[in-house]
1. Which one of these does Ile106 not meet: (1) aliphatic (A, V, I, L, M); (2) assigned to a helix (DSSP H, G or I); (3) over 27 Å from Met227 (Cβ atoms)?
2. In the list Phe37, Phe52, which residue meets the criterion of being of a type in the set (Phe, Trp, Tyr) and at positive phi?
3. Restricting attention to the range 110-124, report how many residues are charged (D, E, K, R) and at pLDDT 85 or above.
4. If the requirement is being under 24 Å from Leu102 (Cα atoms) and at pLDDT 85 or above, which of these qualifies: Thr243, Thr271?
5. Just to be sure, is Gly59 surrounded by 20 or more Cβ atoms within 10 Å (Cβ to Cβ), among the small types (Gly, Ala, Ser) and assigned to a helix (DSSP H, G or I)?
6. Identify, please: which residue in the range 7-32 is over 17 Å from the mean Cα position of the chain (by Cα) and assigned to a helix (DSSP H, G or I) and is, among those, modelled with the highest pLDDT?
7. Could you pull out the residue among Ala36, Ala48 that is modelled with pLDDT of 85 or more and within 18 Å of the chain's Cα centre (by Cα)?
8. Restricting to the range 179-231, name every residue that is hydroxyl-bearing (Ser, Thr, Tyr), under 25 Å from Lys51 (Cβ atoms) and touching a residue at least 24 places away in the same chain (Cβ under 8 Å).
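The values are calculated or read from the model by the stated rules, or taken from the named source; none is laboratory data. What you see is a predicted model, and the numbers here were worked out from it, not measured in a lab. Reconstructed Cβ throughout: ideal geometry from the backbone, glycine too, with neighbour counts over all protein chains shown.
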Amino acid sequence: MNSAFLLIVILATTFQNVMMKQFGKKFENGTITFSAFSTFFMWLFFLAFAKFHLNMVAGLLPYILWYALSFCIALIGITKALSCGALSITSLIFSYSLILPLIYGIVFCNEKITLLMIIGFICLSVSLALINYTKEKIKISKKWLVFLMVGFCGNGICSVTMKAEQDAFQGNYKCELMVGSLFIVLIFLILLALFTERKQMKQIIRHGWYYGASHGGSNGLCNYFVMVLTNSMNASLLFPLMTAGGVLLTSACSLLIFKERLTKIQCLGMTIGIMAVIFLNV
């Protein structure tokens, strides 16, 4: 059964990336509206998962606010990055944001630095160098890099905030954190869309709402099964398989659906990058 759940997680992760990329190709603008639709369906999913019963406590507020801010930055950043960059490389580098909670754990939680962690950091550095070494095919633009780094930092801070909240409350209030944060993000994105994308909103709502809905629904599904698997599967096995599987399948979609071809050096960088993700997750 674990294998089936893991496959669902990998498929849902890949589907999210493909939906973001498809939206970016179809609509030149509308990132905020897309993000609002995605957030709404994620919020509904977690609310349903909690069976519409939440136990909010005052101590959660700082974590909710931090998570809301970083999630909003991450979602807008990665959506923009995918609209102007390669799906395979973007999804791989975005997954590198896991180094931020690792650094947090080392600095603030006195977690030990392991040999595999050192190897992972070395592989990550080599991977980035090889991916950026390109003279043809997929080139690296400054615009893509800026949006990717925004999404990278936002996602990393999301992970750090969630880790800090879980440590502070002994693993409780997961749904409360997500529902509270996503509600704030949703309200903010709706207001922002009304001010910045009012002219495009009608077209996006009519012809592109399902991209955001599909992204949000698959994100919620992915998170649900990750929660299920963490109770029945060793984390040192779950997260390397989940992350590497998602990157590999996303890369396949990048080639087959979007016809994005990497240089041989970039392919080597992708391979080493997947190894880095596995080592850092073990």
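1. If we test Ile106 against (1) aliphatic (A, V, I, L, M); (2) assigned to a helix (DSSP H, G or I); (3) over 27 Å from Met227 (Cβ atoms), just (3) comes out false.
2. Values: Phe37 fails: at positive phi.
Criteria check complete, one pass: Phe52.
3. Of all residues in the range 110-124, those charged (D, E, K, R) come to 111-112.
Of the ones still in play, those that are also at pLDDT 85 or above are none.
Result for the range 110-124: 0.
4. Numbers: Thr243 fails: at pLDDT 85 or above.
Checking each option against the conditions leaves just Thr271.
5. No, not satisfied.
6. Step one: list which residues in the range 7-32 are over 17 Å from the mean Cα position of the chain (by Cα), which gives 7, 25-30.
Among the residues that remain, those that are also assigned to a helix (DSSP H, G or I) are: 7, 25-26.
Values: Leu7: 90, Lys25: 82, Lys26: 83.
My answer is Leu7.
7. Among Ala36, Ala48, only Ala36 is modelled with pLDDT of 85 or more and within 18 Å of the chain's Cα centre (by Cα).
8. Filtering the range 179-231 for residues hydroxyl-bearing (Ser, Thr, Tyr) gives 181, 196, 210-211, 214, 218, 224, 230.
Subsequent filtering for residues that are under 25 Å from Lys51 (Cβ atoms) retains 181, 214, 218, 224, 230.
Hits for the range 179-231 are Ser181, Ser214, Ser218, Tyr224.
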